[in-house]
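Input: a single structure, listed below in structure tokens.
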Amino acid sequence: MQSKRSHHSINSKKVVSALLVSMVALSSGTAAFAAETTSTVTNQVVTTSSVFSDVKSGFFAEKHIYKLAAQGILLGDKGLFRPNDGVTQQEAITMAIRFMNIQDQMNSGPVVTWPTNFTVGNYFKPYVTLAFQKKLLDTKLVTDDAKSKTAWGEKKANREWIAELLVRAIGKEADAASSANKATTFADNSKISASKLGFVNAAIEMGLTKGVDGNRFDPLGSVTRGQLATFFSRGEALMDTQYANANEGIVTAVSDKSISLFVNGSVRSYSLNNTTSYYTSDSETKIPLTDVKLYAKVMVIENSGKAVYVEVTDPKEQLENIETTFERLFPGNSIGVSNNTAFASYTYDNNTLFQDINGNKIEPKDLTAGSQIVIKRENFTANKSLVMVQVKTGVVNKNGTGTLETVETNTKTVTIKNALGTTESYKWDDGLIIRYQNEIMNPAELRNGSAIKYTIQNNIIQSIEVTQAVERTLRGSIYEVGTNGTTLTYKRDGGSLEVKLLSDKPEIVIKGIDKPLLSDLIGDKSAGDQVELTLDANELVTKIVVLNRQMEQKPSATVVSYDAKTKLLTVLDANKKPFVFTLDDKTKLIYNSSTPTLTGMEALLTSNRRINVSYIGNRALSLEVVYKYDGTITAIDTVARKITLQGSGDQSITVPYLNPTIEMYGKGNASISDVKVGSSVALVLSNNQDTVQSILMKSVIQFELVSVDTAANRIIVKSEGSTNQLYLDKAVIIGDSGQSLKISDLQMGQVLNITLSGNTATTVQNIKLLVGQVLTVDTATSSVTVKDYNGSTEVFKINGSLKILRAGSVNTNLSSLVATDRVEIRKDVDGTTIIKVLNLVTRDFWKYESSTREFFVKRQYTTENNRYVLAPNAYIHQGDTTLLVQSLKENDNIVLYLNNDVIVEVRKP
């Protein structure tokens, strides 16, 4: 089948000559294009490059430029296309003639008398003459236009003029005439010329073009080369014009070197290489070759046997499916099948693929009578050859590899995506064996996404070997935490001792302990903490949850005596009942030291010293000399000089104070008057535990991250204009969803909620930011719809308090936001939604320094700042068209959107 995009062959001497001349049609007007084009009169072939170094991957018009270049409609200049250059009227006319594929009619029609003062370049005269003959140009309108001081051909093509040219080239003048008196919905409708209004309406209706920002059409706005390529490419879907080097057919074979199509009764093959571009007809984003599937409908534009451009026009498999029941094989490669009423047979050949229920290749002899099968045969040739025979239901016995999709322990069902990408499900019984490295696992420990090998017998999965795991959990009891804090030895439930490496900062969860550390875990050969461990894909422990502690505890005990030789500790519990414990090298020691030792603790075990003990029998598992109390202030008696604190477990503690040091972030000379009832604090005790030595005020503050020093474990942060440095050696770092992070994961510009104990950071959490353009504001549901700079749309629901910051003022009314506002949305430490409206600056562009990312605009007054930093992912655009910063020209009027004086968006009106 030949595509409607394939028609007259461009191969005559006359056309070659015309093309060589027309190479300037989208250039600067010189003959420089001849350098990129090779013309051989003998063979009558014109070839052009379809790869342009200045058309970057992801550029909005990339697909259309490569497509039209492959068709010979547009050409480059020494490997460049210059997509952001403007287009003159004579250049646009030349492209329209090639788009209509009628250049072979030049110099063959009736004589055309040009209007007075109508001037075009010599290269363009044959194209413009043909444009008059084909009614692409209206003589009266051109006559009026020719009165301009600028030569008609050199005038820049504007948007309404291009709309008319497009509609005429496609042959839709009647549609334009029927809507000539219909107003558009654009805010600048009155600026559209009366003679162009119908053509604008028709172009919009056909989807060839659309408006720009602010609901405007901008009829007199200029058109770039990239935009014009897009307009004509879209117009091809509405044309019957065909191109000799374009063919549409069914893919019968595809590899990384070639592609074959069944076209009009025969197979045509084309070579592929790394310059071939691949797209789908309904998207402007490149696809990989792997997305071009067998038996899909594809259009190929070729050049001397090479596929320059490949477009999937219908990804659906162009095969007929016959569902039936397999009965038997017959001699002569015949397969016998039956349905409820009849028996039939089909002939297969060596190219027919046979697959089992899970997509694995089998031989015809492997088919089992009574199996339900699907026969796929092509219907685009007279032979109607069998392409595939696939088993739908039948007995499965095989070995395979794949990825776990789901594991349902209730129904004992596992779903696997096999190596061919097909999904299959199997049941298991009590005989299932699951292995991972040297471990035997149970089904509950399997995790979706793990790579596996598996064995199936009689449709039952018999074994699973995990070859590459994702995050998983397992349970056991802690035997020992490595002294260097990098390993954990544990005993699995019902298993033997195993050792796992720890991630840099694993998350620790222990009920009753706020922000526990690795040192808070208790290891023991018979009664260590019962835990659930979370392991990542690299088998590193990222989270430890203490499920149960078997030991007993004696909180708030007091020391009676300690014998350093026998290591016997005698204590009285809170009820004055005596107990004796033995300390050993396994006892976990806690006191006011970052490197606790038994020798260091022995000096503190004096009579009446308050301690907390956990133990089994008479063996002390952990011993803590109380050196501070954490909790909330419930009372302050400034006369008796006592502070009452509510600690963990609702324990009420009253401690006297004399002249304690008050450490409060942001206040260097804090006093006891700054300590209020309800304050969250840590009371650090004196050496003899009888008074409060210092009070650490706890606070949560939101900062902007200025810089990160990973070597020193330090960050520089800013809040309310004040900059400070914080060390994170004692801090837990987490992401916006609670995931564990390292200091190297933090990046400049992030917003952090930091929990401080005095001036020491204990927890750092990265806060999610939503930055983009407001699309809608719904006051009824208290929600804002924002389109971020990646093009994604998110509805943000406002719960609780709201602050809208705009140009130094604060508003709490959601209705003060308007569509087109650019905003940054985040949550404050108290849950308040903060919506910061980005500053807007309208100026004329001056220059850009790529080495420093400095963006300069022209000053309106001498003392004005005219230099900004351009964010690495800044969105630069004109309407929906993404621009390169290099495309901006001096004196271009632009709108800048600034977040903390950094440019996040540049809009060219």
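Amide H contacts of Ala761 (H built 1.01 Å from N, in plane; Pro and chain starts excluded): Tyr727 sit under 5 Å, all sequence-distant by 5 or more or on other chains.
Positive-end ranking of Asn687, Ile825, Leu535 along the dipole of the chain, with charges on Cβ about the Cα centre, is headed by Ile825.
When the helices in the chain are scored as -39500 (n - 2.57) per DSSP H run of 4 or longer and the sum is shared across all residues, what 222 nm value do you end up with, to the nearest 500 deg cm²/dmol?
-3000 deg cm²/dmol
Sites listed here are GluC sites (Glu not before Pro) in the range 829-888 whose DSSP assignment is loop and whose Cβ has at most 16 other Cβ atoms within 10 Å: Glu864. Rounded to the nearest whole Hz, the Karplus-based 3J(HN,Hα) values (6.51 cos²θ - 1.76 cosθ + 1.60, θ = phi - 60°) of the range 692-706 follow the sequence 7, 8, 8, 10, 9, 6, 8, 8, 10, 10, 9, 10, 9, 7, 8, with x at glycine and proline. Applied to the range 820-835, the Karplus parametrisation 6.51 cos²θ - 1.76 cosθ + 1.60 on θ = phi - 60° returns per-residue 3J(HN,Hα) values of 5, 4, 9, 9, 10, 10, 8, 9, 7, 5, 9, x, 5, 7, 9, 10 Hz, with x for Gly and Pro. On a C-alpha basis, how far is the centre of the range 88-116 from the centre of the range 70-84 in Å? Whole number, if you could? Using only Cα atoms to place each centre, the spacing works out to 20 Å. Using only Cα atoms, locate the centre of the range 587-657 and the centre of the range 446-486, then give the distance between them in Å, rounded to an integer. When both Cα centres are located, 41 Å separates them. Which pairs break 31 Å Cα to Cα here: Lys698/Lys768; Lys586/Lys628; Lys210/Lys803; Lys505/Lys565; Lys78/Lys908; Lys797/Lys847? Check vs 31 Å cut-off fails for Lys210/Lys803; Lys505/Lys565; Lys797/Lys847. Divided by 2.2 N^0.38 Å, where N counts the residues, the Cα radius of gyration of the chain comes to 1.31. Between Glu854 and Glu465, the modelled labels are 6.2 nm apart [label points 7 Å from Cα along Cα→Cβ].
Between the residues Thr381, Leu896, Val308, the greatest Cα displacement towards the positive end of the dipole of the chain, with unit charges on the Cβ of Lys, Arg, Asp and Glu, is found for Leu896.
Would you mind counting up the charge near Ser269? Only other residues with Cβ under 13 Å from its Cβ, with Lys and Arg at +1 and Asp and Glu at -1.
Residues near Ser269 contribute +2 overall.
A DSSP coil position with no more than 11 other Cβ atoms inside 10 Å describes the following trypsin sites (Lys or Arg not before Pro) in the range 452-513: Lys511.
Rounded to the nearest 20 debye, the dipole size of the range 319-393 about its Cα centre is 20 debye, using +1 on the Cβ of Lys and Arg and -1 on the Cβ of Asp and Glu. Of the trypsin sites (Lys or Arg not before Pro) in the range 572-656, the ones in a loop by DSSP (not H, G, I, E or B) with at most 16 other beta carbons within 10 Å are Lys576, Lys586, Arg641.
Averaging Cα coordinates gives a centre for the range 738-755 and one for the range 272-347; these two points are 49 Å apart.
Taking every DSSP beta bridge that has both residues in the chain, what percent is antiparallel when rounded to the nearest 5?
On the way: 214 of 251 bridges.
So the antiparallel bridges amount to about 85 percent of the total.
Computed extension length for Val895-Lys742: 51.3 nm, one decimal, from 0.36 nm per residue of separation with the Cα-Cα distance subtracted. Across the chain, Cα pairs under 8 Å and at least six residues apart give a relative contact order of 5 percent.
Computed from the coordinates by the stated procedures, all read-outs in this text should not be read as laboratory data. It should be emphasised that the depicted structure is a prediction, and the values quoted were computed from it without experimental measurement. Note: ideal-geometry Cβ built from the backbone for every residue, glycine included; neighbour counts use all protein chains shown.
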